[in-house]
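Remarks on the structure that follows.
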Amino acid sequence: MNLPSIINILHSPIDIIISLISLIGSGFKVFYKLYKSFKNEINDRKQLSERIKVIFDEVTPNHGTSLKDKINRIEQSTMNNEKIIQIIGDRQKWILDKQQIPIFESDEHGMCTWANDAYLELLKRDSTEVLGNGWRNFIHEDDRERIVAEWESAVKEDRSSQSTYRMVNKDGVIYNVECYATKHRGNGYSGNIKIK
């Protein structure tokens, strides 16, 4: 379609002007939308660049105020706290070692992890012989199956245990004992043995 035929379709010069204005307006709208989209993209990239810089600054140590420095301080503090807890635990075990009551600890699976001097003296054994499941070897053979079953049941059911049985020391001396083992949430057991 050529220009003269377009002009013939239009009835007046006003229609021509209105059509031209409409075409220009449509072009401007398209241009404005493209401009706005382009401007938003530039702003988004600028904001992203600023955020990346902030993150970079936070993970770069800068003598005390960055996030990395704060994490390092927390890690150092945690290590110090673990050392303090270990020292306290060692001192407590030293005190318990000096008690005359046979005392033991086990993990959450029921494996013996520590026994005090009185416990070892009662059996006339060293700690390597009673750790893990070694303690079972010193239960009188007539009581062993029942006591092991009770202990495994307590561990499985996540509960404390109390039982009476006979223990046999290295010299063959038999002791009637009562054992109390208290379950600590998530941290295993601690218990003591009372000679009857």
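The values are calculated or read from the model by the stated rules, or taken from the named source; none is laboratory data. The shown structure was predicted, so the numbers you read here are calculated from the model rather than taken from an experiment. We place every Cβ from the backbone using ideal geometry, glycine too, and count neighbours over all the protein chains shown.
Taking the range 169-189 only, how many residues are crowded, with 17+ Cβ neighbours inside 10 Å and not aromatic (F, W, Y)?
Step one: list which residues in the range 169-189 are crowded, with 17+ Cβ neighbours inside 10 Å, which gives 175, 177, 179, 181, 183, 188-189.
Checking which are not aromatic (F, W, Y) leaves us with 177, 179, 181, 183, 188.
Looking only at that region, the number is 5.
Kindly provide the set of residues from the range 104-119 that are assigned to a strand (DSSP E or B) and among the hydroxyl-bearing types (S, T, Y), ordered by number. Talk me through it step by step, then tell me what you get.
Our first condition is that a residue be assigned to a strand (DSSP E or B); within the range 104-119, this holds for 104-106, 112-115.
Within the range 104-119, S106, T113 meet the criteria.
Here are some residues: I95, I101, I88. Which one is in a loop (DSSP other than H, G, I, E, B), surrounded by fewer than 14 Cβ atoms within 10 Å (Cβ to Cβ) and modelled with pLDDT under 90? Walk me through it before giving the result.
Numbers: I95 fails: in a loop (DSSP other than H, G, I, E, B); I88 fails: in a loop (DSSP other than H, G, I, E, B).
The unique qualifying residue is I101.
List, please: which pairs have Cβ atoms under 7 Å, are six or more places apart or on different chains, and start with a residue in the range 137-148 that is assigned by TED's automatic domain parsing to the domain that holds K124 and end with one that is hydroxyl-bearing (S, T, Y)?
Correct list of pairs: I139/Y165; H140/Y165; D143/Y165; I147/S163; I147/Y165.
Aliphatic (A, V, I, L, M), over 19 Å from K183 (Cα atoms) and in contact with a helix residue (DSSP H, G or I) (Cβ under 8 Å, 6 or more places away or on another chain) - does that describe any residue in the range 144-155?
As a first pass, look at the range 144-155 and keep what is aliphatic (A, V, I, L, M): 147-149, 154-155.
Retained after the next criterion (residues that are over 19 Å from K183 (Cα atoms)): none.
Within the range 144-155, none of the residues are aliphatic (A, V, I, L, M), over 19 Å from K183 (Cα atoms) and in contact with a helix residue (DSSP H, G or I) (Cβ under 8 Å, 6 or more places away or on another chain).
Step by step: first the residues of the range 145-172, then only those that are in a loop (DSSP other than H, G, I, E, B) and out of contact with any Leu (no Cβ under 9 Å at 6 or more places or on another chain), then the one that is farthest from Q100 (Cα to Cα). Which residue is that? Quick ask: steps written out before the conclusion?
Step one: filter the range 145-172 for residues in a loop (DSSP other than H, G, I, E, B), giving 158-160, 169-172.
Pick out the ones that are also out of contact with any Leu (no Cβ under 9 Å at 6 or more places or on another chain) and you get 158-160, 171-172.
Numbers: D158: 28, R159: 26, S160: 23, D171: 20, G172: 21 Å.
Looking at residues that are in a loop (DSSP other than H, G, I, E, B) and out of contact with any Leu (no Cβ under 9 Å at 6 or more places or on another chain), I get D158.
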